[in-house]
Amino acid sequence: MVCHDGSEASQAALDTVEHSLLRNCDKLMVGHAWSRDKEEYLKYNLKRDYVKQQLTANGTYLADRFSYVDREIVSDNHESAKSILGDLANEFEATITVVGMHGRKGPKEDPTIMGSSVQYMAMQSPLPVMIIKDPKSRKSRPEGFLMAVCSDGSKKSLEGLALMCKLRSP
């Protein structure tokens, strides 16, 4: 599942999945958490209806291999985008969650710092999380990618390594 909030970073993550990682046997799900309270303050291209329309239209080439799902953040329930996106990934049995390095607020002054939702998902998600920091396409890297997987030897990190190996194989 690719988490998308309309930001450039989330679009870059989606583009990376579509153009570099997605295989013919794979399904692509895009998840979007949105807040009715924030809709009036957002730029048009970050509002729920626009994001949904653009993503749905762009995913039509995948036919039944594409799905878009969104869920409203209800502040009375103390929900957040990060918890909702994690719930969506679990509910729809995603294999991996893919996110951009930051969200709508843009990159941090220090380029090594992730957005808070990205950091939360990286630390709390029961699923592997792939963070796209500097998107590249296969077209720009005909010699292939050098992928790094951080592992501490734990079962979870070894499962992440195995998943990355599967992603690399044709």
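The values are calculated or read from the model by the stated rules, or taken from the named source; none is laboratory data. None of the values given here were measured: they were computed from a predicted structure. So basically every Cβ, Gly included, is an ideal-geometry build from the backbone, and we count neighbours across all protein chains shown. When the accessible area is computed, the model is the full protein with side chains, heavy atoms only, and any ligands, DNA or RNA have been set aside. Shrake-Rupley method; radii C 1.70, N 1.55, O 1.52, S 1.80 Å.
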(request) Apply the Karplus parameterisation 6.51 cos²θ - 1.76 cosθ + 1.60, with θ equal to phi minus 60°, to every residue of segment 62-70 and state each ³J(HN,Hα) to the nearest whole Hz, in sequence, with x for glycine and proline. (result) 8, 6, 6, 8, 10, 9, 10, 9, 10
(message) On alpha carbon coordinates alone, what is the Rg over Rh value for the chain, Rh being the Kirkwood radius?
(response) 0.95
(request) Could you tell me what percent of the accessible area of the chain is made up of carbon and sulfur, with a 1.4 Å probe and every protein chain present? (result) 52
(request) Keeping every protein chain in place, order CYS3, CYS165 by accessible area at 1.4 Å, biggest value first, i.e. largest first. (result) CYS165, CYS3
(message) So for the chain, averaging the separation of alpha carbon pairs under 8 Å that are six or more residues apart and normalising by length, what relative contact order in percent results?
(response) 27
(request) Return one whole number: the accessible area per residue of the chain in Å², for a 1.4 Å probe. (result) 63
(request) Scan the chain and report its longest stretch carrying no chymotrypsin sites (Phe, Trp or Tyr not before Pro) that are both in a DSSP loop and have at most 13 other Cβ atoms within 10 Å. (result) 93-144
(request) Can you spot the lysines whose alpha carbon is less than 30 Å from LYS156's alpha carbon? Ignore those fewer than 8 places along the same chain. (result) LYS27, LYS82, LYS108, LYS133, LYS136, LYS166
(request) Give me the percent of Cα-Cα pairs in segment 16-99 that sit more than 23 Å apart, rounded to a whole number. (result) 26
(request) Tabulate in residue order the Karplus-calculated ³J(HN,Hα) for segment 150-165, using 6.51 cos²θ - 1.76 cosθ + 1.60 with θ = phi - 60°, rounded to whole Hz; enter x for Gly and Pro. (result) 7, 9, 10, x, 6, 4, 4, 6, 5, 5, x, 5, 4, 5, 4, 5
(message) Run lengths n ≥ 4 of DSSP H only: what is the helix-derived mean residue ellipticity at 222 nm for the chain, with -39500 (n - 2.57) per run over all residues, to the nearest 500?
(response) -10000 deg cm²/dmol
